[in-house]
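Contents: one structure, followed by commentary.
The values are calculated or read from the model by the stated rules, or taken from the named source; none is laboratory data. This is a predicted model, so every value here is computed, not measured. Glycine gets a Cβ as well: all are built from the backbone with ideal geometry, and neighbour counts include every protein chain shown. SASA here: full protein model, heavy atoms, side chains in, ligands and nucleic acids out. Shrake-Rupley method; radii C 1.70, N 1.55, O 1.52, S 1.80 Å.
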Amino acid sequence: MSGLAELSAAVRAGELSARDLVAAAYEKIERHNGLINAVVSQRPVEEALAEADTIHDGPLAGLPLLVKDTEDAAGLPTSHGSLLYAGAAPAAADSSAVARLRAAGAIVIGKTNVPEFAFEGFTSNRVFGATADPWAPDWSPGGSSGGAGAALISGMAAIATATDGGGSVRIPASFCGLVGLKPTQGMIGRTPAPSWMDMSTHGPLAVSIADVRLLLNVMRGPAAGDPTAPAAWVAREDAWPVRALAAPRFVDWGPLPEGVGASFDTAVEAFAAATGLTVEPIPPLWPADGPNNPDDDWVTIACVEELTHLGRESIEREKEKLSSNFAGAMKHALRLSLEDYVTAKRRRFEYTRELDDLLGTDAILLTPTMCVEGFWADGRTPGREHPGTDSEAYNTQVTNITSHPSLSVPAGLSANGVPFGLQITGPRWADDMVLAAGAAWEAAQPWPSSAPGYEPFYGPRL
């Protein structure tokens with residue numbers, strides 16, 4: 001049984017009080033957040049404790065919940081990590097994923113830090129500053145769900161929400177030593193519509209495969225207004241891959257850095273031993289300099305859709321409130337034509353078909369989750385003077401374009417002390433197969449449930 005399932009079962013049985021769990025979360029935030037800066041706002045403790053006294057049932061009964069600061073949680077402001085929304089009024093209602101977690105018994109206690117409008121793979125902004133990786137505080141926990149990842153691996157809460165439009169669940173999973181699933185697009189219905197309409201999804205981020213499965217079961221299902229979600233999906237108990245492939249990158253941006261390549265080679269060998277599968281090495285799927293580059297098309301789609309979501313007039317009128325990186329992305333979007341955008345959207349079908357053909361119904365693809373060992377906490381790539389990252393650092397954007405499920409699991413530490421993540425990608429709607437492979441890896445290669453010097457939320461010092 002997972003840690004989350006054990007805790008909620010104890011609450012339902014009356015062996016543990018939801019009030020005690022909520023009080024423990026506030027105490028841990030008070031103790032750890034000064035160094036990490038993962039939690040950027042908190043619900044009044046008396047209000048959360050009063051709600052805890054009413055919670056006695058549900059699969060997440062009494063579990064303290066932190067919400068990513070790009071998602072609405074009733075009663076708390078949503079800043080998006082941007083001066084454009086600094087001082088925003090409290091949200092009137094929950095987003096669909098938050099509402100489902102609350103309905104399952106979780107108790108919202110605060111919001112977690114993000115990069116501005118979730119547009120980076122690190123977590124730093126001009127409103128709240130940078131979030132540190134509990135494993136290595138000079139380094140970033142990743143992004144855009146970096147505050148969530150840092151809070152979970154330091155034991156500040158039982159649950160923290162995450163979303164993934166270009167890797168934002170899997171990047172912090174990789175750099176924080178967590179499990180993160182970007183499910184098949186449509187698996188978790190979305191309300192309201194995300195700014196990156198066909199690429200963004202909610203996804204579970206947790207310390208174990210069992211916790212990820214539990215959270216996925218709570219959040220999945222259609223939502224009114226979302227045209228992508230199926231009416232029903234049932235996980236198969238016998239889901240298991242027949243074939244395993246391994247590629248250093250989805251897009252051929254060049255050889256992996258030496259440390260990343262060594263970590264990946266070690267992980268692939270261990271994965272074969274853990275699963276009994278023969279892993280076939282293959283080259284990257286797409287050339288970086290070819291006419292069809294899914295990473296470049298991801299940038300086109302994300303920039304244009306964010307620009308139209310926020311509004312051209314708003315961006316041009318208040319550009320001084322934007323970080324230099326986000327302002328640069330919006331300037332890029334302003335230069336793109338309608339034809340540029342539609343052509344990139346149309347190529348999604350080609351990329352999806354190519355990955356469908358590669359995986360069939362029974363194969364998984366192993367890659368490093370990230371192609372760098374980390375970003376500095378302020379967002380600088382090592383060797384650079386100013387914050388900012390490039391597509392060559394990521395292996396995450398492609399499956400947001402193609403909708404395939406991708407899971408990041410811990411696979412050791414890089415030389416800088418930041419965890420390394422192994423990414424497992426499977427056929428669309430084979431989320432159960434991807435999780436089964438992740439569970440076999442976890443059984444053979446168990447990982448810590450917290451960063452050094454911290455304890456998991458459900459550890460001995462509750």
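Listing for the model above:
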quantity	calculated
Gly276, sole failed condition from (1) surrounded by fewer than 14 Cβ atoms within 10 Å (Cβ to Cβ); (2) on the phi < 0 side of the Ramachandran plot	(2)
Residue tally, condition in contact with a Ser or Thr (Cβ under 8 Å, 6 or more places away or on another chain) and either within 10 Å of Gly167 (Cβ to Cβ) or open to solvent by 10 Å² or more (accessible area, probe 1.4 Å) (or both), over segment 394-408	8
Residue match in segment 122-132 (condition: open to solvent by 30 Å² or more (accessible area, probe 1.4 Å), closer than 22 Å to Leu49 by Cα and at pLDDT 95 or above)	no
Matching residues in segment 144-197 - criterion: being among the basic types (Lys, Arg) and either over 25 Å from Trp429 (Cα atoms) or open to solvent by less than 10 Å² (accessible area, probe 1.4 Å) (or both)	Arg170, Lys182
Looking only at segment 199-228, and only at residues there that are closer than 21 Å to Thr402 by Cα, modelled with pLDDT of 95 or more and in a loop (DSSP other than H, G, I, E, B), the one that is most open to solvent (accessible area, probe 1.4 Å)	Arg220
Selection within segment 320-344 - more than 19 Å from His386 (Cα to Cα) and not aliphatic (A, V, I, L, M)	Arg335, Ser337, Glu339, Asp340, Tyr341, Thr343
Exclusive hit being within 30 Å of Phe349 (Cα to Cα), outside any loop (DSSP other than H, G, I, E, B), open to solvent by 10 Å² or more (accessible area, probe 1.4 Å) and in contact (Cβ under 8 Å) with a residue 40 or more places away in the chain, set Ala411, Ala436, Ala440	Ala436
Residue in segment 13-33 that is assigned to a helix (DSSP H, G or I), touching a Leu at 6+ places or on another chain (Cβ under 6 Å), open to solvent by 50 Å² or more (accessible area, probe 1.4 Å) and among the charged types (D, E, K, R) present	yes
Residue in segment 70-90 that is without any contact (Cβ under 8 Å) to a residue 60 or more places away in the chain, outside any loop (DSSP other than H, G, I, E, B) and of a type in the set (A, V, I, L, M, F, W, C) present	yes
Candidate set: segment 229-255, residues that are farther than 17 Å from Thr369 by Cβ and part of a strand (DSSP E or B); chosen: the one most open to solvent (accessible area, probe 1.4 Å)	Arg243
Residue count for segment 52-65, restricted to those that are surrounded by fewer than 18 Cβ atoms within 10 Å (Cβ to Cβ) and touching a residue at least 24 places away in the same chain (Cβ under 8 Å)	3
Tally, over segment 34-43, of residues that are surrounded by fewer than 21 Cβ atoms within 10 Å (Cβ to Cβ) and assigned to a helix (DSSP H, G or I)	2
